[in-house]
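Just below is one structure, and these are the notes that go with it.
The values are calculated or read from the model by the stated rules, or taken from the named source; none is laboratory data. Model, not experiment: these values are computed from the prediction. We place every Cβ from the backbone using ideal geometry, glycine too, and count neighbours over all the protein chains shown.
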Amino acid sequence: MLARRALLRRLGGAPEVRRPPWTATDSEFLEGCTRCNACVDACPEQVLRIGDGGYPQLDFSHTGCSLCGDCARACEAEVFDLSREAFSWRARIDERCLAHAGIHCRSCDDACEPRAIRFRPQLGGPSLPTLDPTLCTGCGACVSPCPGNAIHLNREAHHA
């Protein structure tokens with residue numbers, strides 16, 4: 001069953017499984033994780049849940065990760081490395097953004113604590129979002145409040 005889901009993800013038929021912050025590649029994480037779920041229990045934002053095979057995975061459908069580190073500190077298996085970048089993805093805003101349709105909306109701006117999303121005034125129209133990938137942490141806080149489902153997290157090369 002896990003192999004089928006992995007194949008579907010590669011073919012675009014299933015969403016990407018996102019592992020907890022500060023963890024290595026999926027295969028390294030799965031190899032080291034004991035599925036004790038201490039990280040899931042420790043997460044104050046409740047963005048970690050038990051996923052396929054009993055392994056923890058992120059769920060940004062209600063809120064984003066605060067990057068507090070409680071999950072990493074709770075883990076005895078040592079699959080977390082706080083010296084690495086928390087997430088390897090960054091937010092992207094697509095054409096479904098309500099501001100592009102002339103509707104005033106700043107839900108993502110309000111949710112973005114590092115201020116990576118800003119709205120710039122436009123002459124004769126609503127302010128449009130701009131995203132600074134160097135400020136984006138990939139925390140996912142902007143994903144759930146977007147009423148147009150216009151925000152996605154995409155893998156990117158590490159930024160400075």
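What to note about this one:
- Residue among Ala141, Ala99 that is under 15 Å from the mean Cα position of the chain (by Cα) and of a type outside the set (Lys, Arg): Ala141
- Annotation note: of Ile117, Ile103, the sole residue that is of a type in the set (Val, Ile, Thr) and touching a helix residue (DSSP H, G or I) at 6+ places or on another chain (Cβ under 7 Å) is Ile117.
- Test: residue in the range 132-141 that is over 28 Å from Trp22 (Cβ atoms) and touching a Lys or Arg at 6+ places or on another chain (Cβ under 7 Å): no
- Residues of the range 19-37 satisfying the condition of being more than 20 Å from Phe60 (Cβ to Cβ), in contact (Cβ under 8 Å) with a residue 40 or more places away in the chain and part of a helix (DSSP H, G or I): Glu28, Gly32
- The listed residue being modelled with pLDDT of 95 or more and on the phi < 0 side of the Ramachandran plot, out of Asp52, Asp26, Asp41: Asp41
- Of all the criteria given as (1) among the small types (Gly, Ala, Ser); (2) in contact (Cβ under 8 Å) with a residue 12 or more places away in the chain; (3) outside any loop (DSSP other than H, G, I, E, B), the one not satisfied by Ser66 is (3).
- Residues in the range 39-58 that are free of Cβ contacts under 8 Å to residues at least 24 places away in the same chain and surrounded by fewer than 17 Cβ atoms within 10 Å (Cβ to Cβ) were compared, and the one that is farthest from Cys108 (Cα to Cα) is Gly54.
- Residue tally, condition closer than 15 Å to Gly138 by Cα, part of a loop (DSSP other than H, G, I, E, B) and not hydroxyl-bearing (Ser, Thr, Tyr), over the range 46-61: 3
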